[in-house]
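Data first, discussion second: the structure below is written as C-alpha coordinates.
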Amino acid sequence: MLELRDYQIKGRDFLKENKKVLLADSVGLGKSIQALTAAEIPVLLACPTYLMRQWKGYIKNQYPCASVSLCEGSRSLREKELSLNTDFTIINIEMLRTFEFKRKYKTFIVDEAHNLAGRNAQQSKNARKLAKEIPNVYLLTATPIRNTPDDLYMQLSILDYKNFSSYHRFVSDYCSVVETPWKIQVVGISNPEKLRRDLEKYMLRRTYSDAGRTLPPLIEEVITIKPTDFWRKKYNDIKNQYSIEDINFKNAMEVYTVLRQVTLCDEKLDVVKNLINDIHDDAGTIIFTWYRNSAYEVGEYLKVPYITGDVSANERIDIAKNNKVIVANIAALGTGVDLSNKNNIIFLEEDHSPSRMEQAIGRVQRDRLSTDPVRIFYIHIDKTLDQHVHNSRGNKEATILQVLKDEYVS
(Lines give C-alpha, C1' and ligand atoms only; values in the text may rest on other atoms or scores of the structure.)
Protein backbone atom coordinates (compact mmCIF):
# COMPACT_ATOMS: atom_id res chain seq x y z
CA MET A 1 0.00 0.00 0.00
CA LEU A 2 1.34 3.42 -0.96
CA GLU A 3 2.20 5.86 1.80
CA LEU A 4 0.66 9.27 1.21
CA ARG A 5 2.87 12.33 0.84
CA ASP A 6 2.03 15.43 2.87
CA TYR A 7 0.25 17.20 0.00
CA GLN A 8 -1.76 14.03 -0.72
CA ILE A 9 -2.88 13.87 2.92
CA LYS A 10 -4.06 17.47 2.61
CA GLY A 11 -5.85 16.56 -0.62
CA ARG A 12 -7.52 13.54 0.96
CA ASP A 13 -8.68 15.69 3.88
CA PHE A 14 -10.02 18.36 1.51
CA LEU A 15 -12.10 15.73 -0.26
CA LYS A 16 -13.46 14.28 2.97
CA GLU A 17 -14.31 17.67 4.44
CA ASN A 18 -15.93 19.22 1.37
CA LYS A 19 -17.68 16.03 0.15
CA LYS A 20 -18.25 17.09 -3.47
CA VAL A 21 -14.99 18.19 -5.03
CA LEU A 22 -13.12 18.64 -8.30
CA LEU A 23 -9.55 17.40 -7.71
CA ALA A 24 -7.48 19.00 -10.48
CA ASP A 25 -3.87 18.37 -9.45
CA SER A 26 -1.29 18.34 -12.24
CA VAL A 27 -0.64 15.11 -14.13
CA GLY A 28 1.28 12.59 -12.02
CA LEU A 29 0.57 13.99 -8.54
CA GLY A 30 -1.54 11.04 -7.43
CA LYS A 31 -5.19 12.05 -7.69
CA SER A 32 -6.20 8.37 -7.60
CA ILE A 33 -4.71 7.60 -4.19
CA GLN A 34 -6.19 10.76 -2.70
CA ALA A 35 -9.66 9.85 -3.92
CA LEU A 36 -9.40 6.20 -2.83
CA THR A 37 -8.25 7.03 0.68
CA ALA A 38 -11.01 9.63 1.07
CA ALA A 39 -13.77 7.37 -0.28
CA GLU A 40 -16.46 5.67 1.74
CA ILE A 41 -17.53 2.21 0.59
CA PRO A 42 -19.45 1.26 -1.52
CA VAL A 43 -17.88 3.21 -4.37
CA LEU A 44 -19.08 3.72 -7.95
CA LEU A 45 -16.07 4.58 -10.13
CA ALA A 46 -16.51 5.82 -13.70
CA CYS A 47 -13.56 6.19 -16.06
CA PRO A 48 -12.67 5.81 -19.76
CA THR A 49 -12.75 2.19 -20.93
CA TYR A 50 -9.00 1.93 -21.39
CA LEU A 51 -8.46 2.81 -17.69
CA MET A 52 -10.92 0.32 -16.18
CA ARG A 53 -8.53 -2.59 -15.71
CA GLN A 54 -5.80 -0.22 -14.60
CA TRP A 55 -8.11 1.07 -11.85
CA LYS A 56 -9.02 -2.47 -10.79
CA GLY A 57 -5.36 -3.42 -10.45
CA TYR A 58 -4.64 -0.23 -8.53
CA ILE A 59 -7.51 -0.84 -6.09
CA LYS A 60 -6.45 -4.47 -5.49
CA ASN A 61 -2.88 -3.36 -4.83
CA GLN A 62 -4.06 -0.82 -2.28
CA TYR A 63 -6.80 -2.95 -0.72
CA PRO A 64 -6.12 -6.66 -1.37
CA CYS A 65 -9.24 -7.74 0.50
CA ALA A 66 -11.59 -5.36 -1.33
CA SER A 67 -14.21 -6.80 -3.68
CA VAL A 68 -14.32 -5.20 -7.13
CA SER A 69 -16.89 -5.45 -9.93
CA LEU A 70 -15.56 -4.66 -13.39
CA CYS A 71 -18.47 -3.86 -15.69
CA GLU A 72 -17.27 -4.78 -19.17
CA GLY A 73 -18.29 -7.03 -22.03
CA SER A 74 -21.88 -7.45 -23.26
CA ARG A 75 -24.71 -5.46 -21.75
CA SER A 76 -25.97 -8.51 -19.84
CA LEU A 77 -22.51 -9.12 -18.36
CA ARG A 78 -22.23 -5.49 -17.32
CA GLU A 79 -25.68 -5.56 -15.73
CA LYS A 80 -24.71 -8.70 -13.82
CA GLU A 81 -21.54 -7.06 -12.47
CA LEU A 82 -23.51 -3.93 -11.66
CA SER A 83 -25.94 -5.95 -9.52
CA LEU A 84 -23.21 -7.32 -7.23
CA ASN A 85 -22.80 -5.83 -3.77
CA THR A 86 -19.06 -5.24 -4.03
CA ASP A 87 -16.92 -2.58 -2.37
CA PHE A 88 -15.99 -0.99 -5.70
CA THR A 89 -17.99 -0.98 -8.94
CA ILE A 90 -16.02 0.17 -11.99
CA ILE A 91 -17.89 1.33 -15.09
CA ASN A 92 -16.89 3.16 -18.24
CA ILE A 93 -18.16 6.73 -18.46
CA GLU A 94 -20.42 5.89 -21.41
CA MET A 95 -22.47 3.58 -19.16
CA LEU A 96 -23.77 6.69 -17.41
CA ARG A 97 -25.74 7.33 -20.59
CA THR A 98 -28.10 4.35 -20.53
CA PHE A 99 -27.62 2.18 -17.44
CA GLU A 100 -29.62 2.43 -14.21
CA PHE A 101 -27.76 2.63 -10.91
CA LYS A 102 -30.20 1.54 -8.21
CA ARG A 103 -27.70 0.75 -5.48
CA LYS A 104 -27.10 3.30 -2.71
CA TYR A 105 -23.45 4.24 -3.18
CA LYS A 106 -21.62 6.38 -0.65
CA THR A 107 -18.93 7.64 -3.04
CA PHE A 108 -18.98 8.47 -6.74
CA ILE A 109 -15.54 8.90 -8.38
CA VAL A 110 -15.18 10.05 -11.99
CA ASP A 111 -11.69 9.83 -13.49
CA GLU A 112 -10.87 12.08 -16.48
CA ALA A 113 -13.94 14.08 -15.47
CA HIS A 114 -13.44 16.62 -18.27
CA ASN A 115 -15.31 14.03 -20.35
CA LEU A 116 -18.45 15.24 -18.55
CA ALA A 117 -18.01 18.87 -19.61
CA GLY A 118 -20.70 18.64 -22.29
CA ARG A 119 -23.82 20.12 -20.70
CA ASN A 120 -26.15 18.60 -23.32
CA ALA A 121 -24.61 15.12 -23.25
CA GLN A 122 -26.84 12.46 -21.70
CA GLN A 123 -23.97 10.94 -19.72
CA SER A 124 -23.28 14.34 -18.14
CA LYS A 125 -26.93 14.88 -17.25
CA ASN A 126 -27.20 11.41 -15.73
CA ALA A 127 -23.97 11.91 -13.79
CA ARG A 128 -25.48 15.06 -12.29
CA LYS A 129 -28.67 13.23 -11.40
CA LEU A 130 -26.67 10.43 -9.79
CA ALA A 131 -24.44 12.85 -7.90
CA LYS A 132 -27.45 14.43 -6.19
CA GLU A 133 -28.14 11.12 -4.42
CA ILE A 134 -24.56 10.24 -3.40
CA PRO A 135 -22.95 12.02 -0.41
CA ASN A 136 -19.34 12.01 -1.68
CA VAL A 137 -18.56 12.96 -5.27
CA TYR A 138 -14.95 13.25 -6.46
CA LEU A 139 -14.26 14.44 -10.00
CA LEU A 140 -10.64 13.85 -11.04
CA THR A 141 -8.93 15.62 -13.94
CA ALA A 142 -5.70 17.50 -14.50
CA THR A 143 -7.41 19.50 -17.26
CA PRO A 144 -10.83 20.75 -16.11
CA ILE A 145 -10.78 23.50 -18.76
CA ARG A 146 -10.17 22.02 -22.21
CA ASN A 147 -10.73 25.16 -24.28
CA THR A 148 -12.85 27.87 -22.67
CA PRO A 149 -13.94 28.61 -19.06
CA ASP A 150 -17.49 27.34 -19.62
CA ASP A 151 -15.98 23.82 -19.71
CA LEU A 152 -16.16 24.11 -15.92
CA TYR A 153 -19.92 24.64 -15.83
CA MET A 154 -21.18 21.06 -16.07
CA GLN A 155 -18.52 19.73 -13.72
CA LEU A 156 -19.54 22.30 -11.11
CA SER A 157 -23.21 21.61 -11.77
CA ILE A 158 -22.60 17.91 -11.03
CA LEU A 159 -21.05 18.89 -7.70
CA ASP A 160 -23.62 21.52 -6.73
CA TYR A 161 -26.69 21.79 -8.93
CA LYS A 162 -28.35 24.26 -6.57
CA ASN A 163 -25.69 26.93 -7.16
CA PHE A 164 -24.87 25.96 -10.76
CA SER A 165 -28.27 25.22 -12.25
CA SER A 166 -28.06 27.75 -15.10
CA TYR A 167 -25.42 27.64 -17.82
CA HIS A 168 -26.45 31.09 -19.05
CA ARG A 169 -26.02 32.58 -15.58
CA PHE A 170 -22.57 30.96 -15.34
CA VAL A 171 -21.57 32.49 -18.67
CA SER A 172 -22.98 35.87 -17.65
CA ASP A 173 -21.09 35.82 -14.33
CA TYR A 174 -17.70 34.65 -15.53
CA CYS A 175 -17.24 34.54 -19.30
CA SER A 176 -16.44 36.86 -22.19
CA VAL A 177 -18.60 36.19 -25.24
CA VAL A 178 -19.09 37.25 -28.83
CA GLU A 179 -22.31 37.09 -30.81
CA THR A 180 -22.24 35.07 -34.00
CA PRO A 181 -25.10 34.61 -36.47
CA TRP A 182 -25.81 31.21 -34.90
CA LYS A 183 -25.18 31.58 -31.16
CA ILE A 184 -23.40 33.32 -28.33
CA GLN A 185 -19.82 31.98 -28.28
CA VAL A 186 -17.59 31.96 -25.20
CA VAL A 187 -14.15 33.32 -26.07
CA GLY A 188 -12.58 34.09 -22.70
CA ILE A 189 -13.05 35.01 -19.07
CA SER A 190 -14.53 38.27 -17.84
CA ASN A 191 -13.97 37.98 -14.09
CA PRO A 192 -11.07 35.63 -13.24
CA GLU A 193 -10.79 36.83 -9.64
CA LYS A 194 -14.43 36.05 -8.88
CA LEU A 195 -14.21 32.65 -10.59
CA ARG A 196 -11.05 31.68 -8.69
CA ARG A 197 -12.66 32.79 -5.44
CA ASP A 198 -15.89 30.90 -6.10
CA LEU A 199 -13.94 27.78 -7.06
CA GLU A 200 -12.14 27.55 -3.71
CA LYS A 201 -14.90 25.49 -2.12
CA TYR A 202 -15.15 23.06 -5.03
CA MET A 203 -11.75 22.72 -6.67
CA LEU A 204 -8.32 21.77 -5.36
CA ARG A 205 -5.44 22.15 -7.78
CA ARG A 206 -1.72 21.81 -6.99
CA THR A 207 1.24 21.96 -9.35
CA TYR A 208 4.52 20.10 -8.83
CA SER A 209 5.92 23.25 -7.22
CA ASP A 210 3.02 23.34 -4.76
CA ALA A 211 3.71 19.69 -3.91
CA GLY A 212 7.41 20.30 -3.36
CA ARG A 213 8.34 18.13 -6.30
CA THR A 214 10.45 18.92 -9.34
CA LEU A 215 9.75 18.43 -13.02
CA PRO A 216 12.51 18.10 -15.60
CA PRO A 217 12.87 21.31 -17.64
CA LEU A 218 11.35 21.68 -21.08
CA ILE A 219 13.32 22.72 -24.14
CA GLU A 220 11.07 23.56 -27.10
CA GLU A 221 11.94 24.07 -30.73
CA VAL A 222 9.79 24.86 -33.75
CA ILE A 223 11.14 23.46 -37.02
CA THR A 224 9.60 25.20 -40.03
CA ILE A 225 9.77 23.53 -43.44
CA LYS A 226 9.45 25.41 -46.72
CA PRO A 227 7.68 23.02 -49.14
CA THR A 228 8.17 22.62 -52.87
CA ASP A 229 6.29 24.86 -55.28
CA PHE A 230 4.34 21.83 -56.48
CA TRP A 231 3.16 21.01 -52.95
CA ARG A 232 2.31 24.66 -52.25
CA LYS A 233 0.13 24.81 -55.35
CA LYS A 234 -1.76 21.67 -54.29
CA TYR A 235 -2.33 23.12 -50.80
CA ASN A 236 -3.54 26.46 -52.17
CA ASP A 237 -5.85 24.77 -54.66
CA ILE A 238 -7.57 22.91 -51.83
CA LYS A 239 -7.83 26.06 -49.73
CA ASN A 240 -9.06 28.38 -52.46
CA GLN A 241 -10.99 26.16 -54.84
CA TYR A 242 -12.40 23.46 -52.51
CA SER A 243 -11.07 20.84 -54.86
CA ILE A 244 -8.04 18.75 -55.73
CA GLU A 245 -7.64 16.85 -58.99
CA ASP A 246 -11.12 15.34 -59.52
CA ILE A 247 -12.26 15.54 -55.88
CA ASN A 248 -14.63 18.30 -54.77
CA PHE A 249 -15.18 19.11 -51.10
CA LYS A 250 -18.61 20.00 -49.78
CA ASN A 251 -17.85 22.41 -46.94
CA ALA A 252 -15.18 24.28 -45.02
CA MET A 253 -14.77 21.51 -42.42
CA GLU A 254 -13.91 18.97 -45.10
CA VAL A 255 -11.38 21.40 -46.53
CA TYR A 256 -9.91 22.05 -43.09
CA THR A 257 -9.48 18.32 -42.42
CA VAL A 258 -7.85 17.68 -45.78
CA LEU A 259 -5.54 20.67 -45.39
CA ARG A 260 -4.34 19.39 -42.03
CA GLN A 261 -3.79 15.90 -43.38
CA VAL A 262 -1.88 16.97 -46.49
CA THR A 263 0.67 18.76 -44.28
CA LEU A 264 1.91 15.26 -43.43
CA CYS A 265 3.99 15.33 -46.60
CA ASP A 266 7.27 13.66 -47.58
CA GLU A 267 9.28 16.71 -46.52
CA LYS A 268 7.89 16.55 -43.00
CA LEU A 269 8.45 12.80 -42.71
CA ASP A 270 12.05 13.18 -43.92
CA VAL A 271 12.71 15.85 -41.27
CA VAL A 272 11.38 13.54 -38.56
CA LYS A 273 13.49 10.63 -39.77
CA ASN A 274 16.65 12.77 -39.76
CA LEU A 275 15.75 14.24 -36.38
CA ILE A 276 15.41 10.79 -34.81
CA ASN A 277 18.78 9.77 -36.29
CA ASP A 278 20.37 12.90 -34.80
CA ILE A 279 18.93 12.33 -31.31
CA HIS A 280 21.50 10.30 -29.39
CA ASP A 281 19.31 9.54 -26.41
CA ASP A 282 18.67 6.11 -24.92
CA ALA A 283 15.51 7.44 -23.25
CA GLY A 284 13.78 7.47 -26.61
CA THR A 285 11.15 9.45 -28.48
CA ILE A 286 7.37 9.67 -28.74
CA ILE A 287 5.96 11.06 -31.99
CA PHE A 288 2.47 12.48 -31.67
CA THR A 289 -0.08 12.98 -34.44
CA TRP A 290 -3.63 14.23 -34.20
CA TYR A 291 -5.23 11.98 -36.80
CA ARG A 292 -5.31 8.22 -36.38
CA ASN A 293 -4.46 7.64 -40.05
CA SER A 294 -1.41 9.86 -39.63
CA ALA A 295 -0.12 7.59 -36.86
CA TYR A 296 -0.48 4.59 -39.18
CA GLU A 297 1.33 6.40 -41.99
CA VAL A 298 4.22 7.63 -39.83
CA GLY A 299 4.64 4.26 -38.12
CA GLU A 300 4.82 2.47 -41.46
CA TYR A 301 7.23 5.04 -42.89
CA LEU A 302 9.61 4.91 -39.91
CA LYS A 303 9.04 1.18 -39.34
CA VAL A 304 8.30 1.70 -35.64
CA PRO A 305 5.29 0.64 -33.52
CA TYR A 306 2.26 2.89 -33.56
CA ILE A 307 -0.54 3.24 -31.03
CA THR A 308 -4.12 4.26 -31.79
CA GLY A 309 -7.49 3.61 -30.19
CA ASP A 310 -7.48 0.15 -31.77
CA VAL A 311 -4.69 -0.96 -29.43
CA SER A 312 -5.74 -2.32 -26.03
CA ALA A 313 -4.72 -0.55 -22.82
CA ASN A 314 -2.25 -3.27 -21.81
CA GLU A 315 -0.69 -3.33 -25.27
CA ARG A 316 -0.25 0.46 -25.17
CA ILE A 317 1.69 0.18 -21.92
CA ASP A 318 3.89 -2.64 -23.27
CA ILE A 319 4.64 -0.85 -26.55
CA ALA A 320 5.48 2.42 -24.78
CA LYS A 321 7.73 0.65 -22.28
CA ASN A 322 9.65 -1.62 -24.63
CA ASN A 323 10.37 0.53 -27.69
CA LYS A 324 12.79 3.41 -28.04
CA VAL A 325 10.72 5.19 -30.70
CA ILE A 326 6.94 4.99 -30.94
CA VAL A 327 4.17 6.86 -32.76
CA ALA A 328 0.71 7.59 -31.34
CA ASN A 329 -2.22 9.85 -32.00
CA ILE A 330 -2.80 12.21 -29.10
CA ALA A 331 -6.21 10.80 -28.23
CA ALA A 332 -4.79 7.28 -27.78
CA LEU A 333 -1.75 8.12 -25.66
CA GLY A 334 -2.46 11.57 -24.23
CA THR A 335 -3.76 10.04 -20.99
CA GLY A 336 -3.40 6.89 -18.93
CA VAL A 337 0.14 5.80 -19.87
CA ASP A 338 3.41 6.74 -18.16
CA LEU A 339 5.91 7.86 -20.82
CA SER A 340 8.63 9.03 -18.43
CA ASN A 341 11.03 6.59 -20.11
CA LYS A 342 11.06 9.00 -23.06
CA ASN A 343 12.99 12.29 -23.19
CA ASN A 344 11.88 13.57 -26.59
CA ILE A 345 8.49 14.54 -28.01
CA ILE A 346 7.86 15.29 -31.67
CA PHE A 347 4.52 16.82 -32.63
CA LEU A 348 3.81 16.24 -36.30
CA GLU A 349 0.23 17.42 -35.76
CA GLU A 350 -0.99 19.42 -32.79
CA ASP A 351 -4.28 19.75 -30.95
CA HIS A 352 -6.29 22.97 -30.73
CA SER A 353 -6.89 22.23 -27.05
CA PRO A 354 -4.16 23.37 -24.62
CA SER A 355 -5.31 20.82 -22.06
CA ARG A 356 -4.96 17.86 -24.43
CA MET A 357 -1.46 19.04 -25.33
CA GLU A 358 -0.68 19.47 -21.64
CA GLN A 359 -1.90 15.94 -20.93
CA ALA A 360 0.27 14.53 -23.73
CA ILE A 361 3.37 16.40 -22.57
CA GLY A 362 2.59 15.48 -18.97
CA ARG A 363 2.93 11.80 -19.87
CA VAL A 364 6.65 12.49 -20.48
CA GLN A 365 7.46 15.44 -18.21
CA ARG A 366 7.07 13.64 -14.88
CA ASP A 367 8.92 13.51 -11.58
CA ARG A 368 11.71 10.96 -12.07
CA LEU A 369 15.30 10.14 -11.17
CA SER A 370 16.73 11.60 -14.37
CA THR A 371 17.13 15.38 -14.44
CA ASP A 372 17.65 15.44 -18.22
CA PRO A 373 15.40 17.97 -19.96
CA VAL A 374 12.38 16.97 -22.01
CA ARG A 375 12.84 18.19 -25.56
CA ILE A 376 9.78 19.07 -27.63
CA PHE A 377 9.94 19.54 -31.39
CA TYR A 378 7.01 21.05 -33.31
CA ILE A 379 7.28 20.32 -37.04
CA HIS A 380 5.45 22.91 -39.17
CA ILE A 381 5.00 23.39 -42.88
CA ASP A 382 5.41 27.12 -43.48
CA LYS A 383 2.24 29.20 -43.99
CA THR A 384 -0.18 26.36 -43.28
CA LEU A 385 -2.66 25.27 -40.63
CA ASP A 386 0.27 23.82 -38.66
CA GLN A 387 1.16 27.34 -37.59
CA HIS A 388 -2.45 28.44 -37.14
CA VAL A 389 -3.22 25.59 -34.72
CA HIS A 390 -0.01 26.23 -32.79
CA ASN A 391 -0.69 29.96 -32.40
CA SER A 392 -4.41 29.69 -31.62
CA ARG A 393 -3.65 27.27 -28.81
CA GLY A 394 -1.34 29.85 -27.27
CA ASN A 395 -4.22 32.32 -27.06
CA LYS A 396 -6.42 29.75 -25.30
CA GLU A 397 -3.63 28.94 -22.84
CA ALA A 398 -3.47 32.57 -21.78
CA THR A 399 -7.17 32.43 -20.87
CA ILE A 400 -6.88 29.15 -18.98
CA LEU A 401 -3.94 30.42 -16.97
CA GLN A 402 -6.10 33.21 -15.61
CA VAL A 403 -8.00 30.52 -13.70
CA LEU A 404 -5.64 27.55 -13.29
CA LYS A 405 -2.03 27.27 -12.22
CA ASP A 406 0.12 25.27 -14.63
CA GLU A 407 3.79 24.50 -14.95
CA TYR A 408 3.68 23.88 -18.70
CA VAL A 409 3.01 26.80 -21.01
CA SER A 410 4.07 26.52 -24.65
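Residue pairs whose Cβ atoms lie under 8 Å apart, separated by 6 or more positions or on different chains, with the first residue in region 280-307 and over 12 Å from Val325 (Cα atoms) and open to solvent by 70 Å² or more (accessible area, probe 1.4 Å) and the second in a loop (DSSP other than H, G, I, E, B) and hydroxyl-bearing (Ser, Thr, Tyr), are Arg292/Thr308. Quick one: is Lys201 surrounded by fewer than 19 Cβ atoms within 10 Å (Cβ to Cβ), out of contact with any Leu (no Cβ under 8 Å at 6 or more places or on another chain), among the basic types (Lys, Arg) and farther than 27 Å from Glu112 by Cα? For Lys201, the condition - surrounded by fewer than 19 Cβ atoms within 10 Å (Cβ to Cβ), out of contact with any Leu (no Cβ under 8 Å at 6 or more places or on another chain), among the basic types (Lys, Arg) and farther than 27 Å from Glu112 by Cα - is not met. Considering region 308-324, and only residues there that are open to solvent by less than 70 Å² (accessible area, probe 1.4 Å) and assigned to a helix (DSSP H, G or I), the residue that is farthest from Asp270 (Cα to Cα) turns out to be Ala313.
To keep it simple, each residue is scored yes or no on (1) touching a helix residue (DSSP H, G or I) at 6+ places or on another chain (Cβ under 6 Å); (2) modelled with pLDDT under 90; (3) on the phi > 0 side of the Ramachandran plot.
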{"position": "Glu221", "(1), (2), (3)": "no, no, no"}
{"position": "Asn236", "(1), (2), (3)": "no, yes, no"}
{"position": "Asn251", "(1), (2), (3)": "no, yes, no"}
{"position": "Arg260", "(1), (2), (3)": "yes, yes, no"}
{"position": "Asp266", "(1), (2), (3)": "no, yes, no"}
{"position": "Ile276", "(1), (2), (3)": "no, yes, no"}
{"position": "Glu300", "(1), (2), (3)": "no, no, no"}
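In region 19-35, the residue that is farthest from Ile59 (Cα to Cα) out of those that are of a type in the set (S, T, N, Q) and surrounded by 24 or more Cβ atoms within 10 Å (Cβ to Cβ) is Ser26. Consider region 110-137 and keep the residues that are touching a residue at least 60 places away in the same chain (Cβ under 8 Å) and within 16 Å of Leu152 (Cβ to Cβ). The one that is surrounded by the most Cβ atoms within 10 Å (Cβ to Cβ) is Ala113.
Being buried (at least 22 other Cβ atoms within 10 Å of the Cβ) and either touching a residue at least 40 places away in the same chain (Cβ under 8 Å) or part of a helix (DSSP H, G or I) (or both) is the requirement here; does Gln54 meet it? No: the conditions fail for Gln54. The set of residues in region 84-109 being open to solvent by 80 Å² or more (accessible area, probe 1.4 Å) and either over 23 Å from the mean Cα position of the chain (by Cα) or not charged (D, E, K, R) (or both) consists of Asn85, Thr98, Glu100, Lys102, Lys104, Lys106.
The values are calculated or read from the model by the stated rules, or taken from the named source; none is laboratory data. The structure presented is a predicted model; accordingly, all values stated were derived computationally and were not measured. As a convention, Cβ positions derive from the backbone with ideal geometry for all residues, glycine included, and neighbour counts pool all protein chains shown. Heavy atoms of the whole protein, side chains included, go into the accessibility calculation; ligands, DNA and RNA do not. Shrake-Rupley method; radii C 1.70, N 1.55, O 1.52, S 1.80 Å.
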